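Engineer: Take this structure, written in C-alpha cells, and hold onto it; I'll ask about it next.
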Amino acid sequence: MTDATASPNTRSLLRLPAEQQFVEEFAELDAIDDRQRPPNWRLSPWAVSVYLLGGTLDNGFEIAPKYFGNRRLIEIAIATLATDRALLLFGIPGTAKSWVSEHLAAAISGDSTLLVQGTAGTSEESIRYGWNYARLLAEGPSRAALVPSPLGIAMEAGKIARVEELTRIPSDVQDTLITILSEKALPVPELGQEIRATRGFNVIATANNRDRGVNDLSSALKRRFNTVVLPVPADIEEEVEIVQQRVASLGLALELPAETPALEEIRRVVTIFRELRGGATLDGRTKLKAPSATLSPAEAISVVNSGLSLAAHFGDGTLNAAELAAGIVGAIVKDPVQDSVVWREYLETVVKERNGWQDLYRACREIL
Ligand SMILES: Nc1ncnc2c1ncn2[C@@H]1O[C@H](COP(=O)(O)OP(=O)(O)OP(=O)(O)O)[C@@H](O)[C@H]1O
Ligand SMILES: [Mg+2]
C-alpha cells in the first residue's frame with residue numbers, strides 16, 4: 001500500500017511523495033556526493049541543499065530547484081537537523097513551510113511520509129503510540145500489539161519525523177514531544193520498556209502565524225527547536241518565478257490541455273497580491289486597505305492554475321483576463337462585506353487606471 005514505486009498504478013496516483021517523484025535526482029546526487037553524511041542520512045548536508053535549491057552537477061545533470069529564496073535559511077535548516085535540536089519552520093500561510101519540510105525529510109531520510117498532522121484534536125496517542133486492540137485483548141500488552149506513531153517509527157529507524165501545524169496541538173499534548181526531543185526516548189510503561197531513538201532521528205515541525213503564535217509553545221518545548229522563519233518572496237521577480245515554476249509542474253501533473261500561461265498574466269496576479277498584501281501600490285504612490293485573506297504565493301499559484309483549467313476546458317486554451325478574474329476575486333473576497341469594499345476600491349483606483357489592464361478591469365467588473 002505504501003510502496004507506490006512497486007505498484008503498476010504509480011502513474012495514476014495524484015501525487016507521489018518527493019522521494020519517489022525525484023528518484024532520479026536522488027540517485028545522481030548520491031553518486032557524486034563524496035562529502036561526509038551524518039549518521040543515517042542519505043545525503044550530505046551539502047547535497048541536501050543542492051536538492052532543495054537546485055543546481056548543475058559536475059556531470060551536467062540538472063537538479064530542479066524546489067525552494068526559491070534565501071539560500072542561507074535552507075542551510076541553517078539543514079545544519080540544525082544535523083544537531084540534537086529540532087527544526088521549526090514558521091511563517092505566514094503559503095510560504096512553503098510544509099513543502100520545504102517534505103523535501104528536507106525526503107532528501108535526508110528518503111522518507112517524507114512519517115507525518116503527524118497537528119489539529120486541536122491531536123491526541124497523545126498520535127504522538128506516542130497506540131494499541132491494536134484486538135491483539136491487546138487477545139494477548140495482553142506486547143510489543144506486537146503496540147502501534148507506533150509516525151514519530152515512534154522515525155525514532156526507531158533513525159529518520160526525520162514531521163509535525164505539521166505544531167501550534168494547533170493542545171499544550172498538554174505538545175509536551176509529549178519534550179521527552180522525545182530531550183531524552184530521545186519514548187517510555188512505554190505498559191511494557192516496562194522504551195522506544196529509543198536511533199541516530200539520524202530528528203523532527204521538523206511547521207507552524208503558521210495565523211494560529212496561536214510560537215510564543216504559546218511552552219518554553220521547555222521552544223528551547224528544543226531552532227526556528228527558521230520562511231518569509232514571503234523578497235521581490236516581485238522572485239514571486240513571479242515561484243508561481244511560474246509551480247504552475248508549470250502542476251499543469252504537467254494534472255495533464256491540463258492548456259498552453260503555459262504568459263508570464264505577463266502571472267505577473268498581473270502577483271502584482272495585485274503583493275500590492276494588497278503590502279497595503280500600497282508597488283510604486284508606493286497609493287495606499288491600499290488590506291483584505292482579510294493571506295495572499296501568499298500559494299494563492300497566486302492556485303488562481304493561475306484554476307484559470308488554466310477554465311481556459312483548457314471552457315475557453316480557447318490560453319489563459320487571459322476573463323479566466324483570471326474569477327480566481328482573483330475568489331482569492332481576495334473571503335469576507336463578503338469588508339473584503340468586497342477593499343476589492344472594489346482597489347479595482348476602481350488601481351486596476352482601472354493602469355495601462356494595459358482594461359481587459360482585466362472589465363472582466364473583474366463583470367463578476368462583481
Ligand atoms: N519560496 C517558495 N519556493 C517554492 N515554492 C513556494 C515558495 N513559496 C510558496 N511556494 C509554493 O506554495 C505552495 C504552498 O506551500 P505550503 O503548503 O508548503 O505552505 P505552508 O507554508 O505550509 O502554508 P500553511 O501555513 O497554510 O500550511 C507550495 O506548492 C509551494 O511550492
Ligand atoms: Mg503547511
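Engineer: Any idea what % of Cα-Cα pairs in the chain are farther than 39 Å?
Structural biologist: Details: 17366 of 67528 pairs.
Within the chain, distances greater than 39 Å cover 26 percent of Cα pairs.
Engineer: Report the label-to-label distance for Leu263 and Leu57 in nanometres (one decimal), using points 7 Å from each Cα along the Cα→Cβ vector.
Structural biologist: Simple spin-label model gives 2.9 nm for this pair.
Engineer: Considering only C-alpha atoms, what is the centroid distance from region 81-127 to region 158-178, in Å?
Structural biologist: 9
Engineer: Measuring from centroid to centroid over Cα atoms, what is the spacing of region 295-356 and region 210-264 in Å?
Structural biologist: Taking the Cα centre of each part, region 295-356 and region 210-264 sit 19 Å apart.
Engineer: Name the residue, out of Glu19, Glu165, Glu139, whose mean-square fluctuation peaks in a Gaussian network model built on the chain with Cα pairs under 10 Å.
Structural biologist: Glu139
Engineer: Just how large is the dipole of the chain about the Cα centre, in debye to the nearest 20, putting +1 at every Lys and Arg Cβ and -1 at every Asp and Glu Cβ?
Structural biologist: 920
Engineer: What is the spin-label model distance, in nm, from His313 to Ala185 if the labels are put 7 Å beyond Cα along the C-beta direction?
Structural biologist: Computed distance between label sites His313 and Ala185 equals 5.6 nm.
Engineer: Going by C-beta contacts inside 10 Å, put Phe61, Phe68, Phe314 in order with the fewest on the left.
Structural biologist: Working: Phe61 15, Phe68 18, Phe314 9.
Fewest-to-most ranking of Phe61, Phe68, Phe314: Phe314, Phe61, Phe68.
Taken together, the values in this text are just the output of simple stated rules run on the coordinates, not laboratory data. Treat the numbers as computed from the prediction; the structure is a model and nothing was measured. Neighbour counts run over all protein chains shown; Cβ positions are idealised from the backbone, glycine included.
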